[in-house]
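The values are calculated or read from the model by the stated rules, or taken from the named source; none is laboratory data. These figures come from a predicted structure and were not determined experimentally. Here Cβ is always computed from backbone atoms with ideal geometry, including for glycine, and neighbour counts include all displayed protein chains.
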Amino acid sequence: MTAPTPPSSPRIRSARGSLVVAIDGPAASGKSSTAQWVAQRLGFRHVDSGALYRAATAVALARAGETFDEGTVLSFLGEISLRPMQHSFAPIWKGEDMEELIRAPEVTRLVSRVAQMAGVRAWVDTNVRKAAEGRDVVVDGRDIGTVVFPDADLKVFLIADPWERARRRLTQRHGRAPSDAEIAEETERLVQRDARDATQTVQAKDAILIDTTYLTQAEQVERIVSLAGIFRGGGQGSGTEPAG
Ligand code: CDP
């Protein structure tokens, strides 16, 4: 299969002066890991917008328990900062990297509720745009190509069969092949989260749709890097996995 041609192929740097690759898609469609790898290949920074929704959820949960409302969540957002890393940005709380905290199952269960809060969405959008200022970035999320960067230089929308998404997520989480029963249970959770996130999970009209069900991660990375080659004068970089 040949890679599709982007509807509007940007060949020069946009007015922004730096480049934005937007990768959107439903839960566990491989956006973050793909975005991280693509960023490394292109020499861009990766910005994970979902990590910020997760960070807001984790802090609200730690501070107020499960009964938080929007006012409560907003009152704690100032405690979170974004630390620039070599290839990405890490959410920091109380001086600590939040990576482990934000992947906790109770955060995954509650994050869609927090993501409906307009004030939280505005906070994430501001922080993502700030992180992208003056540098080339790969940003992943659900509304990056529609709301956060409607003028992104390249937009990709990743989809995959729910069963396959669940299988990949469990393999990543447990480091072993999951059973069919485990995959069925995780598929149910993913489909429910997709439904809760449906309003903001929108494919931009000028996004390129990639179904990754039958692609390896290396193949999907390669596809995006070659699409990005349109404005980079050919996809460059090493084929090694990202260091984070
Ligand atoms: O990796 P996964 O797809 O499981 O989720 P994520 O990218 O870490 O995002 C976690 C949650 O944040 C999603 O379930 C959405 O509720 C929310 N989100 C959003 O609303 N808009 C975004 N641009 C990114 C994430």
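Computed values, structure above
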item	result
Only one of A39, A55 that is in contact with a strand residue (DSSP E or B) (Cβ under 6 Å, 6 or more places away or on another chain) and more than 27 Å from Q220 (Cα to Cα)	A55
Residue in segment 92-114 that is farthest from the ligand (Cβ to nearest atom), counting only those that are of a type in the set (G, A, S) and assigned to a loop (DSSP other than H, G, I, E, B)	G95
Candidate set from segment 185-211 (those that are of a type in the set (D, E, K, R) and in a helix (DSSP H, G or I)); member that is surrounded by the fewest Cβ atoms within 10 Å (Cβ to Cβ)	E188
Flag if D136 is surrounded by 15 or more Cβ atoms within 10 Å (Cβ to Cβ), more than 8 Å from the ligand (Cβ to nearest atom) and farther than 13 Å from L52 by Cβ	yes
Scope segment 66-91; condition in a helix (DSSP H, G or I) and under 17 Å from M117 (Cα atoms); matching residues	E66, T67, E70, G71, T72, V73, L74, S75, F76, L77, G78
Any chance M117 is at pLDDT below 95, among the aliphatic types (A, V, I, L, M) and closer than 20 Å to D48 by Cβ	no
Pair list, Cβ under 7 Å, 6 or more apart: segment 29-40 residue more than 9 Å from the ligand (Cβ to nearest atom), other residue among the hydroxyl-bearing types (S, T, Y) and modelled with pLDDT under 95	Q36/S88
Top-ranked residue in segment 41-50 [being assigned to a helix (DSSP H, G or I) and under 18 Å from E133 (Cβ atoms); ranked as farthest from the ligand (Cβ to nearest atom)]	L42
Segment 115-136 residues that are in a helix (DSSP H, G or I), paired with ones that are of a type in the set (G, A, S) (beta carbon under 8 Å, 6 or more apart)	V120/A56; R121/A115; W123/A56; V124/S49; V124/A56; V128/S49; V128/G141; A132/S18
Failed item, numbered, when R169 is tested on (1) surrounded by 18 or more Cβ atoms within 10 Å (Cβ to Cβ); (2) of a type in the set (K, R); (3) modelled with pLDDT of 95 or more	(3)
Flag if A58 is part of a loop (DSSP other than H, G, I, E, B) and within 14 Å of the ligand (Cβ to nearest atom)	no
Leading residue by the ranking (farthest from G95 (Cα to Cα)) among those in segment 52-81 that are surrounded by fewer than 22 Cβ atoms within 10 Å (Cβ to Cβ) and small (G, A, S)	G71
Check on A58, closer than 20 Å to T201 by Cα and at pLDDT 95 or above	no
